[in-house]
2 protein chains.
Amino acid sequence: MTDASQPLEFYGYWRSNAMYRLRVALNLKGVPYREIPVDLDAGEQHAPDFVARNPMAAVPALIDGDLPPLTQSLALLEYLEERYPEPPILPADARGRARVRALAATVAADTHPLLVPRVRHYLTERGGFDADAFRAWVTHWVGQGLVGLEANLAHSPETGRFCHGDRITMADICVSGLALIGRVFKLDLPETPVLSGIVQRCLAEEAFARAEPSRQPDAPKG
Amino acid sequence: MTDASQPLEFYGYWRSNAMYRLRVALNLKGVPYREIPVDLDAGEQHAPDFVARNPMAAVPALIDGDLPPLTQSLALLEYLEERYPEPPILPADARGRARVRALAATVAADTHPLLVPRVRHYLTERGGFDADAFRAWVTHWVGQGLVGLEANLAHSPETGRFCHGDRITMADICVSGLALIGRVFKLDLPETPVLSGIVQRCLAEEAFARAEPSRQPDAPKG
């Protein structure tokens, strides 16, 4: 168990969408943390000395003493919620929690895993995809993810100013991260008015703004 | 909220690995349930009358009265754990829960989303993959998933007879489902002795055996 008097330490990377989710949650909860950058574009996650410390070779990872680091952003969001319950990023009722977790998983489990560097490497190095074909792939899956989310958000009486009622939850955190991918890569995406309004409200919040990739110390300047 | 006196009703499909996870959890907890089959191979999940009832067009989905069905297997495993806490499928401590959720997500969020029908359709219809190329894709990602899991399981003092200590958790449920994919498709996969031992112990349990795709009423005979 991490020492509560010390900042939480993560292996992170400025551009990691999964680390973005954790940064937002940490900021919302006011939890001090420190990121140790691992350059995923340079493949540093596969370096033997890193793998020795972090056998899953995954980022983000929460360093936890001599035990193997804890990985997977959905698992880490739950961990933060358990250890730092205020303000909550899950609703108080079981159905609400299930809906929020499902929206979060639609991003983090259905959509984002198709967009990560290891998939890009496979498709462009072994799958015969050129840059345009990979861009079409990314556009397709981000679009599918957004359309699925919009269907849920637009059809449910549970949607409010944010994905679930009027309080920020882990659904908003994950959805905003996905929208940022669309923005950064200037993808041509379907209209999703309910979702776009929610994302706009999220990104206006300081906790989200401070988490943006371009504002991280290891991001390239300019 | 679903009525506790009635069996839980899911949109499911015999072959769905995500539905398999839920079946195991339901069996372990002794929760009565009913599956309404949606033929994913025939594209029934996209039929307008189905989408009208289930806007995310996703299976498995837990039907919940007039509210939109609840989707995403990880969210639904958490929901089952909250509503039917005995026997638990998460450890009692926060670090343990985070580790188990991370192992589960390594399957359900990192690996399985690359193997689902919609990805196969994209790669074979738009991506120029023939059957051999798609098989290589599946073999690669299942192998990567198993190797990552083995690294975690083999390096952690927290591993026991099962993924986390000596009790079955949602990690075992997800890991067994991934191993079944390797078995059903007779994939040529790397050796993962720690994981294989755990899977063998899981599959010997009645709750896992009854959940197997081939034993579902909507599975093809023989």
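A compact table of results
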| quantity | calculated |
| --- | --- |
| B:Arg120 more than 10 Å from every other protein chain (Cβ to nearest Cβ), closer than 23 Å to B:Leu146 by Cα, basic (Lys, Arg) and part of a helix (DSSP H, G or I) | yes |
| Elements of type helices (runs of 4 or more DSSP H) in the stretch B:1-111, at least 1 residues being surrounded by fewer than 19 Cβ atoms within 10 Å (Cβ to Cβ) and at the interface with chain A (Cβ under 9 Å from one of its Cβ atoms) | B:48-53, B:73-83, B:94-105 |
| Of the criteria (1) surrounded by fewer than 23 Cβ atoms within 10 Å (Cβ to Cβ); (2) within 8 Å of another protein chain (Cβ to nearest Cβ); (3) at pLDDT below 95, which one A:Ala133 fails | (3) |
| Single match in A:Ala154, A:Ala179 (criterion: closer than 26 Å to A:Ala219 by Cα, in a helix (DSSP H, G or I) and of a type in the set (A, V, I, L, M)) | A:Ala179 |
| Unmet criterion (only one of (1) within 13 Å of chain B (Cβ to nearest Cβ); (2) crowded, with 23+ Cβ neighbours inside 10 Å; (3) in a loop (DSSP other than H, G, I, E, B)) for A:Gly128 | (2) |
| Hey, A:Ala179 in the same structural domain as A:Arg101 (by TED's automatic domain parsing), buried (at least 16 other Cβ atoms within 10 Å of the Cβ) and either of a type in the set (Val, Ile, Thr) or in contact (Cβ under 8 Å) with a residue 24 or more places away in the chain (or both) or not | yes |
| Residue count, the stretch A:50-66 (criterion: of a type in the set (A, V, I, L, M) and out of contact with any Pro (no Cβ under 7 Å at 6 or more places or on another chain)) | 6 |
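The values are calculated or read from the model by the stated rules, or taken from the named source; none is laboratory data. Model, not experiment: these values are computed from the prediction. Quick reminder, even Gly has a Cβ in these numbers, built from the backbone with ideal geometry, and neighbours come from all protein chains shown.
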